[in-house]
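The values are calculated or read from the model by the stated rules, or taken from the named source; none is laboratory data. Just so it is clear, the structure is predicted and the values come from calculations on it, not from any experiment. Each accessible area value is taken on the protein alone, full model and side chains, heavy atoms only, with ligands, DNA and RNA left out. Shrake-Rupley method; radii C 1.70, N 1.55, O 1.52, S 1.80 Å.
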Amino acid sequence: KTNGGALCLDNVKLVTDSQLTPETPVDPTAPTTPDNVKAVAFSESTIKLTWNASENTLSYNIYKGEDVVATSVTETSYMVEGLEAGTNYCFTVTAVNGDKESAKSSEVCATTFEAKPEAPAAPSNLKAEALTESTIKLTWDAVEGANVYYVYQGIIKLVTVAEPTHLVTGLQAGKEYCFTVTAVNDGGESAKSESACATTLVEEGVEKP
């Protein structure tokens with residue numbers, strides 16, 4: 001509309017007032033949507049979320065899909081706990097100011113760590129048998145879930161073996177030796193087995209030291 005002046009329009013589509021869609025007015029007090037949201041797995045059951053601070057914000061809400069994980073979070077980070085191991089989870093964050101809540105942030109995802117196996121049970125039925133003046137043979141029952149075994153003489157770890165048997169060599173004749181064994185896997189080392197002892201042989205005609 002002009003005040004009596006001429007108006008030239010070139011290649012312009014004219015519309016009526018009813019066809020115009022007014023822009024939604026911007027509320028200067030509404031919180032802005034959180035950005036730079038990141039998710040990092042911390043353990044088998046936890047994922048840490050971080051994000052940049054939003055304007056006009058008193059707190060933040062955390063969502064997993066449509067489910068509310070946490071509300072009234074005042075920091076720009078949150079540790080989600082109680083998750084299942086080896087599982088992918090996705091989250092969004094909103095900013096809150098009174099009764100006003102921003103749009104959801106971009107969705108971010110992370111996968112919790114795989115669960116570690118439990119440490120195996122302690123080996124049982126450990127036996128020690130003297131074979132010669134300098135060797136003792138150890139045997140024990142195989143332990144389910146064990147990858148290897150540690151053989152100890154007192155507090156000293158002698159060797160790591162894959163099978164439930166070991167021949168201890170280089171011993172003195174006629175002397176008693178005691179041993180224990182533990183089972184090991186990715187979950188850790190078991191408790192020590194019960195001790196087993198044996199005395200190395202003495203050659204005939206040689207006095208026992």
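Applying the Karplus relation 6.51 cos²θ - 1.76 cosθ + 1.60 with θ = phi - 60° to the stretch 48-58 yields 3J(HN,Hα) values of 9, 9, 9, 7, 7, 5, 9, 7, 6, 10, 9 Hz, where x marks Gly and Pro.
Probe radius 1.4 Å, ligands and nucleic acids left out: which of Ile156, Ile47 has the largest accessible area, and how do the rest follow?
Ile156, Ile47
Quick check: from the Cα gyration tensor, does the stretch 90-136 come out rounded (a/c under 1.5), prolate or oblate? Prolate is the answer for the stretch 90-136, as a/c is 1.5 or above and a/b outweighs b/c. Using a probe radius of 1.4 angstrom, the carbon and sulfur fraction of the accessible surface of the stretch 102-149 is 47%. Amide H contacts under 5 Å for Ala70: Ile62, restricted to partners 5 or more places along the chain or on a different chain, H placed in the peptide plane at 1.01 Å from N. The aspartates and glutamates whose alpha-carbon is closer than 17 Å to the alpha-carbon of Lys116, local same-chain residues fewer than 8 away aside, are Glu44, Glu84, Glu144, Asp186, Glu189. Accessible surface for the stretch 33-172, divided over its residues, is 57 Å² per residue with a 1.4 Å probe.
In order along the stretch 63-68, the phi-based Karplus estimate (6.51 cos²θ - 1.76 cosθ + 1.60, θ = phi - 60°) of 3J(HN,Hα) comes to 10, 10, x, 9, 7, 7 Hz; Gly and Pro are listed as x. At the residue level, Asp141 shows approximately 70 square angstrom of accessible surface with a 1.4 angstrom probe and all protein chains present.
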